[in-house]
């Protein structure tokens, strides 16, 4: 069996080649060209928001969003500890400090822990939340929809309103996830808070190789993001720059790929759901392994599949199982190192990290590509059964 990748891009060559040929023949290969605006338009229509701005990465989207929200060195930002570090680093780019909040059993930030930190560790002064320990203002909360599972946005938005917090949704893993019931029925991940950010890295559910997108229902906010992403040109003709900007605009080449990918997103999600159910049914019969479920009140995009390994019942811990799978040509990975335990963030405040630490010790991600075949899924399942002690 050839190596089964963890999360591989699903690319249709012919329509993409036509788009790329147009870019090459027209010369529009950089930060100008029709595919950028086309991709942005398709995205805003898909997630049902006012507008979208294409950037070079999800990280760029988080960075510029935080800047436009006014985050600076005098502030702290609430952020999850169980996430990829790119969700947190942009906070420090602006001189602010993250405060790490633990997760619930969806692997997303636990709203109870957010509420607890705000009520017990902070105080409201003139409409602004302040950390009683450091005296720093907290104005922004970054929430990550981990592996495509929607965080509890109903509770989080209630807490944000109570404490006057701006909510930035890191939906880089959750494009296509939306609520099916409740207050936000029909609302997509990334469109509930004040702004949302998507990523099109090669391992995401759709890809442009790199690239990202910021969405919001605040046109003025998005206009500022777009302005900063092209080096903040106040007068493009005479190269007048009244602010410090960034070289963050999406490339036309990336967007030429993205327009086709977005057209195929729903079919990708359909396949991912089918494969998740196949794994779920099989793993239910393997004592010591369980799949982390997706929340029932939303249609999750099922981006990643997370297996919880119970060593007492399975006979191997997650690291031992990882090694067995890799040696069987099955690409597998643990969840990210928790951010509050990373060298650069050891001295930062954290709260309620016990559940995140429990999952870190037990979770593996198994192959979940939208082009994963039945034969490949059967092989992974067979190996999970074989390695049980």
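Determine which member of the set 169, 154 is farther than 30 Å from residue 333 by Cα, at pLDDT 95 or above and not in a loop (DSSP other than H, G, I, E, B).
154
How many residues are over 25 Å from residue 253 (Cβ atoms), in contact with a strand residue (DSSP E or B) (Cβ under 7 Å, 6 or more places away or on another chain) and surrounded by fewer than 23 Cβ atoms within 10 Å (Cβ to Cβ) when one looks only at region 51-69?
Here the count works out to 1.
Yes or no, residue by residue, for (1) crowded, with 16+ Cβ neighbours inside 10 Å; (2) free of Cβ contacts under 8 Å to residues at least 12 places away in the same chain; (3) under 25 Å from residue 48 (Cβ atoms); (4) in the same structural domain as residue 104 (by TED's automatic domain parsing):
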| position | (1), (2), (3), (4) |
| --- | --- |
| 208 | yes, no, yes, yes |
| 227 | yes, no, yes, yes |
| 236 | no, yes, no, yes |
| 257 | yes, no, yes, yes |
| 282 | yes, no, no, no |
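Here are 245, 212: which of them is touching a helix residue (DSSP H, G or I) at 6+ places or on another chain (Cβ under 9 Å) and either surrounded by fewer than 21 Cβ atoms within 10 Å (Cβ to Cβ) or in a helix (DSSP H, G or I) (or both)?
Just one listed residue meets the conditions, 245.
Select, from 364, 346, the only residue that is at pLDDT 95 or above, touching a helix residue (DSSP H, G or I) at 6+ places or on another chain (Cβ under 9 Å) and buried (at least 19 other Cβ atoms within 10 Å of the Cβ).
364
Name the single residue that is surrounded by the most Cβ atoms within 10 Å (Cβ to Cβ) among those in region 95-131 being over 15 Å from residue 162 (Cβ atoms) and touching a helix residue (DSSP H, G or I) at 6+ places or on another chain (Cβ under 6 Å).
101
Give the number of residues within region 332-343 that are buried (at least 19 other Cβ atoms within 10 Å of the Cβ) and either assigned by TED's automatic domain parsing to the domain that holds residue 204 or over 13 Å from residue 306 (Cβ atoms) (or both).
3
The values are calculated or read from the model by the stated rules, or taken from the named source; none is laboratory data. As the structure is a prediction and not an experimental result, all values here were calculated from the model. As a convention, Cβ positions derive from the backbone with ideal geometry for all residues, glycine included, and neighbour counts pool all protein chains shown.
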